[in-house]
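For reference, the structure is listed below as structure tokens.
The values are calculated or read from the model by the stated rules, or taken from the named source; none is laboratory data. Everything numeric here is computed off the predicted structure, so don't read it as measured data. When we count neighbours, we look across all protein chains shown, and the Cβ atoms used for this are built from the backbone with ideal geometry, even at glycine. Just the protein is used for accessible areas: all its heavy atoms, side chains included, with ligands, DNA and RNA removed. Shrake-Rupley method; radii C 1.70, N 1.55, O 1.52, S 1.80 Å.
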Amino acid sequence: MAYIVDLRSDTVTKPTKAMKHAMVNSALGDDVYGEDPTVNALESKVATLLGKQAALFVPSGTMANLIAAMVHCNKRGSEAFAGHLSHIYKYEQGGVSHLGGVLLSTLQNKPDGTFDLQELERRIRGTDLHEPVSTLVCIENTHNVCGGKVLPLEWVDQLGEVCARHGLALHMDGARLLDASAYLQEPPSRLVQHCDSVSLCFSKGLSAPVGSALVGSYHFIEQARRLRKMLGGGMRQAGVLAAAAVIALDEVAPQLHYSHKRARVLATTIQGLSLKSFNVDVDGQHTNIVLVRLAERSAITADVVLQRLAQVSLAETQGDCKTSNDEGVIVKAVCFNSKTIRFTLHHDIDDEDLWIAIMKIIYVFKELDAANPIQ
């Protein structure tokens, strides 16, 4: 079989040996009754880490974001703002509208994941009885579709001031918040000090199999706990899962910078090929996500690239792309659109995997670039 390097997402990781040991040996209780000691320990740990009063363990980041919006926008018809490239808007099926009765209005994301704060202020509504009441602003850090960008601290501080001035709640989709913390070399509590609520994912980059945390004030989490139950997220002996999340925070989170370094090596290598059809913004490379942009005038599409990366030609097995088993290499990635490919580095990719993937990517990119010259 071909050697597979899976760079589709940092969610494809497997639990570490320490996680498996902790899961088997975790102290358990019924979490719906608040009696699972491992879940309670995790929630306390996350709340302290983010400088908030309390936390709630939930099955997924999507549920965490949905609950946050439903707590903050507890009157149907309330308005929440989010970036037009945000995960909440693009990848959560409009759940805050469908299930929460929240009008989700978008602000144009800039390439760095921010949006115009003056535009936000201009669009705040609620004084006219014909309008919905603007209640919530949602941000994402790191920003997935913008290439794992870390939101500038100064901008988040300014946004916090805007929200406070207008009485808006501020929620951070911090699925990859610890990546942002590692990049800025700032404690995660500093990054969320202006946020009323934060979601943090344990299965994105941290190798835990399942779970996210929702963090906020005691009152916020009390309301969130009720909504978690309503949405079917009340788990019983959930310490089996929480145990892995504790290990993720203690042992995997401190190693996130290694994935960042490997991502930068990949980005720099691709850009260094000086191919006309493929481009990477190396200067904007922040964390573990590498976006490869295809030239608009090129006939190459992202789907074509992904299909070719998943194939092994006879020439490859005899050349630079072969592995020790001589079966060739397959690299998995995802496409954001017809001209954008995403590679995501993670804990299960070591230096050897990286260089094997780079050899395959170089081979395929050069082959496609030569076969599709830009006039």
- request: Please verify whether the stretch 294-311 includes one or more residues that are among the polar types (S, T, N, Q), assigned to a loop (DSSP other than H, G, I, E, B) and under 30 Å from Arg176 (Cα atoms).
  value: yes
Residue count for the stretch 240-258, restricted to those that are small (Gly, Ala, Ser) and open to solvent by 10 Å² or more (accessible area, probe 1.4 Å): 1
message: Under 6 Å between Cβ atoms, which residue pairs at least 6 apart in sequence (or on different chains) link something in the stretch 100-128 that is modelled with pLDDT under 95 with a partner that is assigned to a helix (DSSP H, G or I) and of a type in the set (Gly, Ala, Ser)?
response: Gly100/Ala69
task: Among the residues of the stretch 340-371, write down those that are surrounded by fewer than 17 Cβ atoms within 10 Å (Cβ to Cβ) and either outside any strand (DSSP E or B) or charged (D, E, K, R) (or both).
output: Asp348, Asp350, Asp351, Glu352, Trp355, Lys366, Glu367, Ala370, Ala371
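Just one of Leu227, Leu214 is assigned to a helix (DSSP H, G or I), over 14 Å from the mean Cα position of the chain (by Cα) and in contact (Cβ under 8 Å) with a residue 60 or more places away in the chain; which is it?
Leu227
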- prompt: Out of all the residues in the stretch 322-334, is one or more at pLDDT 95 or above and surrounded by fewer than 16 Cβ atoms within 10 Å (Cβ to Cβ)?
  reply: yes
query: If the Cβ limit is 9 Å and pairs must be 6+ apart or interchain, which residue in the stretch 304-319 that is touching a residue at least 60 places away in the same chain (Cβ under 8 Å) pairs with which residue that is open to solvent by 50 Å² or more (accessible area, probe 1.4 Å) and part of a helix (DSSP H, G or I)?
result: Arg308/Glu367
- line: Within the stretch 126-151, restricting to residues that are surrounded by 15 or more Cβ atoms within 10 Å (Cβ to Cβ) and among the charged types (D, E, K, R), the one that is nearest to Gly83 (Cα to Cα) is Glu140
query: Of the residues Gln158, Gln237, Gln185, Gln193, which single one is modelled with pLDDT of 95 or more, at positive phi and open to solvent by 40 Å² or more (accessible area, probe 1.4 Å)?
result: Gln185
- request: Select, from Thr106, Thr48, Thr114, the only residue that is under 20 Å from Val198 (Cβ atoms), out of contact with any Leu (no Cβ under 7 Å at 6 or more places or on another chain) and either assigned to a strand (DSSP E or B) or of a type in the set (Val, Ile, Thr) (or both).
  value: Thr48
Positions within the stretch 231-265 being of a type outside the set (A, V, I, L, M, F, W, C) and in contact with a strand residue (DSSP E or B) (Cβ under 6 Å, 6 or more places away or on another chain), in sequence order: Gly233
